[in-house]
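Here's the structure we're looking at; comments come further down.
The values are calculated or read from the model by the stated rules, or taken from the named source; none is laboratory data. It should be emphasised that the depicted structure is a prediction, and the values quoted were computed from it without experimental measurement. Calculation scope for accessible area: heavy atoms of the full protein, side chains included, ligands and nucleic acids excluded. Shrake-Rupley method; radii C 1.70, N 1.55, O 1.52, S 1.80 Å.
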Amino acid sequence: LVPMTKDAQDVWSATTAALSPDIYSYSFVVDGVPVLDPANPRMKYNLIASQSEVHVSGPAALPWEINDVPHGVVHRHFYRSAIVGDHRDFLVYTPPGYDPAAKRPYPVLYLLHGFSDDATAWSTVGRANVILDNLIARGAAKPMLVVMPLGYGVWDILRGGYNGPRRPELWDENELKFGDTLLREVIPQVEQLYRVSTDREDRAIAGLSMGGSQSLIIGLGHLDRFAWIGGFSSGGSNLDFSELGSDVNTRLHLLWIACGQDDRLLVKNEQLHEALAAHGVNHVWRATPGIHNFPFWRRNLAEFVPLLFRK
């Protein structure tokens, strides 16, 4: 918290330390209640606590800065989920020059958001489409589709605010039902609507926080569907490594586990890394400076994506 002071003209102000180039979220706390900045139209939308957003521009080399390169398109699809019993959406990024009649189908990354965010988080706050545009233009990443679904299987998990995930039975039900919506509803629609490969070798799954946990559970639980998996600052996950099978290292091309060194979930991710190592599961472990926020996750995405679909 940065305290604000009121001057003789009754104008409240505060001065922060110099901020390095990035995108930051903030809010004002008025009588104990967080509120948006009424003079700032930029907003980090959230299902529990939206915040205002400020972009400190940086050099073009930063992966989330918009450059003069070919741009892909973000499409938004709505459908009725028979599994959850609601109307929901998913977003699809198609790369620059996407050809629906391409001879070779495109690989796909399923990119999952965190708790309290929605399906738009990775494209608006995470700037995943901008990051992909830049990486593809530089030849650092293969052209691919990125699918960003809504990550809830049980809406009750949001009713308790940030205490919702602390109810284990609700967390497990949410994970299970979301997995069903992804595998049985979202993926079939994507494969019907877009020119994408149905080969596991061309399918990746990754996510942040809750989405990181979901990616690990779904990906490792369905190695017949995914060959590339990433978990960024993953939340709690009940993984039984004894069920992975002895061929996990031959089937899995990449298992990426990352967490910020000042993240409250660092210990859980270190334990996950140690358990994977104890079971002989090949993986990349990255503990780098950062906390539980999008500046860390944007950087992770920019490091993770160039490794995908290179066999």
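Counting only protein heavy atoms and a probe of 1.4 Å, the accessible surface of the chain is 53% carbon and sulfur.
In percent, rounded to a whole number, the relative contact order of the stretch 1-93 is 17, using alpha-carbon pairs under 8 Å and six or more apart. Using the empirical formula 2.2 N^0.38 Å as the baseline, the Cα radius of gyration of the stretch 217-279 reaches a ratio of 1.11.
Taken per residue, the accessible surface of the chain reaches 48 Å², heavy atoms only and a 1.4 Å probe.
All Cα-Cα separations within the chain were binned at 20 Å from zero, giving a P(r) of 32, 58, 10, 0, each value a whole percent of the pairs.
Taking the C-alpha atoms only, the angle from helix 168-181 to the longest principal axis of the chain is near 60 degrees.
Note: relative contact order over the stretch 148-301, using C-alpha pairs below 8 Å and six or more positions apart, is 15 percent.
The alpha-carbon atoms of the stretch 121-166 define a convex hull whose volume equals 100 cubic angstrom per residue. For Lys103, the lysines whose Cα comes closer than 28 Å to its Cα, not counting residues fewer than 8 places off in the same chain, are Lys142, Lys311.
Each listed q (0.15, 0.21 Å⁻¹) maps to a log10 I(q)/I(0) for the stretch 1-126 from the Debye sum over equal C-alpha point scatterers, namely -0.97, -1.39.
The GNM of the chain, with springs linking C-alpha atoms under 10 angstrom apart, assigns the highest mean-square fluctuation among His283, His77, His113 to His77.
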